1. Among the numbered conditions (1) farther than 20 Å from Q482 by Cβ; (2) touching a strand residue (DSSP E or B) at 6+ places or on another chain (Cβ under 9 Å); (3) open to solvent by less than 10 Å² (accessible area, probe 1.4 Å), tell me where W557 comes up short.
2. Taking the stated definitions as given, is S122 at negative phi, under 29 Å from the mean Cα position of the chain (by Cα) and not aromatic (F, W, Y)?
3. Taking the stated definitions as given, is V419 in a helix (DSSP H, G or I), within 16 Å of the ligand (Cβ to nearest atom) and touching a residue at least 24 places away in the same chain (Cβ under 8 Å)?
4. Working carefully through the options M695, M708, find the one that is in contact with a helix residue (DSSP H, G or I) (Cβ under 6 Å, 6 or more places away or on another chain) and assigned by the TED database to the domain that holds M608.
5. Would you mind listing the helices (runs of 4 or more DSSP H) fully within the range 163-262 where at least 2 residues are within 26 Å of K138 (Cα to Cα) and modelled with pLDDT under 95?
6. As an exercise: evaluate Q333 against (1) part of a loop (DSSP other than H, G, I, E, B); (2) open to solvent by 30 Å² or more (accessible area, probe 1.4 Å) and give the number of the one condition it does not meet.
7. Determine, yes or no, whether D41 is modelled with pLDDT of 95 or more and of a type outside the set (F, W, Y).
Amino acid sequence: MRQTWLSGIAPVFLRRASLVVVLGAFAGVIVSSSQGAVVNDKQVAFGPGNPFYAKSTLPFEAPPFDKIKDGDYEPAIEAGMAEELKEIGAIADNSAAPTFENTVVAMEKTGSLFQRAMAAFSGVTGANTNPELERVQKELAPKLAAHRDAIYLNTKLFHRVAAVYEQRESLKLSPEGLRLVQVRYRDFVHAGANLSDADKDKLRKLNEEESTLSNGFRSKVLAATKDAAYATTDQAALAGLTAADLSGAEAAAKERKKEGYVLPLQNTTQQPYLSSLSVRATRQAVFDASWTRTERGDANDTRSTIARLAQLRAEKGKLLGHDSYAGWKLEDQMAKTPENALKFMDALVAPSTANAADEAKDIQGVIDSQNNDTQKGGFSVEAWDWEFYSEQVRKAKYDIDEAQVRPYFELNNVLENGVFYAAGQLYGLSFKERKDIPVWNPDVRVFEVFDGDSKPLALFYCDYYKRDNKNGGAWMSNFVDQSKLMGTLPVVYNVANLPKPAAGEPALVSFSDVVTMFHEFGHALHGMLADSEYPSLSGTSVARDFVEFPSQFNEHWATYPAVFAHYAKHYKTGAAMPEDLATKIKKAADFNQGYLLTELLAAAELDMQWHSLPVGDGLQEPDAFEKAALAKKGFALSYVPPRYRSSYFSHIWGGGYAAGYYAYLWSEMLDDDAFQWFQDHGGLTRANGDRFRKMVLSRGNTEDLAKMYEAWLGSAPKVEPMLKYRGLEKGATK
Ligand SMILES: [Zn+2]
């Protein structure tokens with residue numbers, strides 16, 4: 001099972017044998033039997049009283065969150081690992097000659113207890129954690145990695161898989177069966193199954209250390225982000241915030257038992273409040289709080305952690321036969337090599353920075369023109385000014401006032417009349433809310449999804465509001481994966497961090513929040529429309545540089561005229577958004593794209609450079625490394641910091657995106673290219689949707705992804721639509 005993000009942190013735990021992310025490690029796990037586990041030297045009971053003991057009897061095998069207590073996860077996961085190892089052991093020790101059925105398919109059927117406990121645990125630790133769950137997470141991290149290693153570094157098992165792989169062409173397998181054999185074999189080799197015993201030991205030790213450091217990194221960033229929130233008792237310092245923002249800041253202070261106001265940080269470098277704070281010193285203080293959150297020399301400083309992580313990953317890459325960690329990581333991706341990914345990214349640096357420089361000129365013009373009591377001109381634009389003045393440029397250019405826009409984007413209306421509506425038009429899905437399915441927090445809503453009007457297809461949960469005990473960003477994952485072999489339908493969830501309204505108030509969201517909802521739902525569709533035989537190939541279990549394709553593709557429908565008109569309605573009057581405002585919003589989508597692409601690219605280049613380090617370069621000092629890495633690629637714009645600084649770049653140090661952040665951009669090339677195809681073939685139609693569903697969305701990882709894409713599109717992906725949709729064609733020629 002996997003998690004995918006817009007910008008989340010949660011670890012990716014994979015079901016069964018799939019291998020998109022390695023949390024890798026070995027720690028002396030002692031697991032006695034599937035009936036109990038040794039935890040902290042004492043036997044933790046695992047029996048029929050544990051809600052994970054048997055398959056859920058709820059519709060779609062949904063997790064029984066009404067019965068699950070914090071203390072239930074650890075014994076269930078420990079017992080689940082033991083049970084899976086027993087099942088895997090039986091496959092490895094089978095005296096019959098290896099066959100597709102008794103080896104590769106048998107592996108698909110293992111680990112059901114582990115899967116159901118782990119899926120629920122990942123869900124709550126990402127979206128609704130607490131100190132007890134964090135403790136369990138910390139203790140489990142190395143054991144989970146060791147568990148994975150125990151499967152992938154099992155020599156007997158590998159030999160059986162390899163034997164099936166050798167005969168694969170003569171076995172008369174279905175195309176999906178053949179793909180399963182190839183993927184499984186490649187996963188073993190990728191994980192180190194071909195290594196000598198001594199090297200396997202080395203790998204286990206590296207994996208163990210990586211997992212522990214990654215987990216420590218996640219805890220530190222979560223704590224640092226909370227601690228670094230900007231606090232003040234001086235209301236004048238917050239000039240520019242709306243009354244609603246101010247009362248939110250007051251509530252945040254109260255929640256933390258502080259006087260005055262608190263502006264919580266989100267996980268990106270730039271902070272939402274920076275667009276409205278008119279006191280420059282406050283903007284700088286908020287920005288500094290964000291930028292230095294993990295570099296304060298205190299317990300939450302992550303610099304030594306990431307320096308060591310980069311070093312040990314380089315060692316791991318070498319051990320697995322590559323020049324670098326990135327070389328190893330990309331071998332099973334659509335891009336195939338770091339060189340291909342870098343070539344693609346390097347070509348984007350010139351158009352994106354040229355456009356960002358143009359945008360900076362507009363901003364500087366506004367700064368220079370202002371010299372009054374609240375705004376003093378006469379300074380050069382800095383990173384902490386960007387959001388504030390770009391908002392003014394945006395207003396001047398497009399005359400859009402957020403306060404004017406938000407009443408047309410009431411969250412539940414956007415969901416049902418926008419997000420769900422588009423899925424209905426394209427794929428014929430319908431949705432019915434279910435109040436009888438237990439949830440992990442009262443804010444969560446659950447919908448049953450039907451194929452057409454009545455054929456049950458999936459269960460969909462959404463947990464949209466920000467909470468302090470939720471990881472930042474937004475993501476999607478499964479509680480249950482679709483599989484014909486296992487007879488399961490998908491149970492999928494979306495999590496985000498949208499502002500929660502005061503009690504009784506409507507949830508009015510920004511247009512970028514609307515886009516986030518479409519994005520995460522695109523992942524959800526990839527999970528819900530899955531139609532695979534084997535769970536490991538189902539839904540979103542695809543390469544990192546493909547997984548963001550369906551989600552980013554789905555974003556396009558947010559501004560598609562027929563969809564937009566259907567949901568952008570005033571929450572009080574139901575009136576459609578005035579035409580000129582709608583036009584401006586759509587035009588404004590092109591705004592600031594130079595900045596936005598540059599900050600993403602800078603982060604992606606940082607990631608690729610950290611993970612391209614060869615062994616022997618030793619420990620890097622993160623700040624110096626970061627500076628040099630950005631300068632080397634031509635990111636000389638002081639006012640465009642990377643979207644994530646190395647020291648709080650959770651995707652790459654604490655999540656599954658190490659040497660994989662480029663994947664968002666790569667996927668963007670695919671999604672723009674794909675949307676252009678829709679535009680060229682009549683746009684939002686059932687015929688187009690059904691064809692895309694049949695050839696791509698339903699197919700998970702059942703075919704080589706480059707081939708699958710090309711078969712649907714009729715050619716290899718092109719980068720031109722990406723520059724067009726970003727509004728950057730001009731800069732491309734500079
Ligand atoms: Zn995503």
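The values are calculated or read from the model by the stated rules, or taken from the named source; none is laboratory data. None of the values given here were measured: they were computed from a predicted structure. In this analysis, Cβ positions are derived from the backbone assuming ideal geometry, glycine residues included, and neighbour counts consider all displayed protein chains. Side chains included, ligands, DNA and RNA excluded: accessible areas come from the protein's heavy atoms. Shrake-Rupley method; radii C 1.70, N 1.55, O 1.52, S 1.80 Å.
1. (2)
2. On the way: at negative phi: yes; under 29 Å from the mean Cα position of the chain (by Cα): yes; not aromatic (F, W, Y): yes.
Criteria met by S122.
3. Taking the combined requirement at face value, the residue satisfies it.
4. Only one candidate qualifies: M695.
5. 175-191, 197-227
6. Only one criterion in (1) part of a loop (DSSP other than H, G, I, E, B); (2) open to solvent by 30 Å² or more (accessible area, probe 1.4 Å) is unmet by Q333, namely (2).
7. Numbers: modelled with pLDDT of 95 or more: no; of a type outside the set (F, W, Y): yes.
So D41 fails the test.
Residue-by-condition table, conditions (1) under 21 Å from the mean Cα position of the chain (by Cα); (2) outside any helix (DSSP H, G or I):
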position: E83; (1), (2): no, no
position: E87; (1), (2): no, no
position: A97; (1), (2): no, yes
position: E101; (1), (2): no, no
position: T129; (1), (2): yes, yes
position: D149; (1), (2): no, no
position: R160; (1), (2): no, no
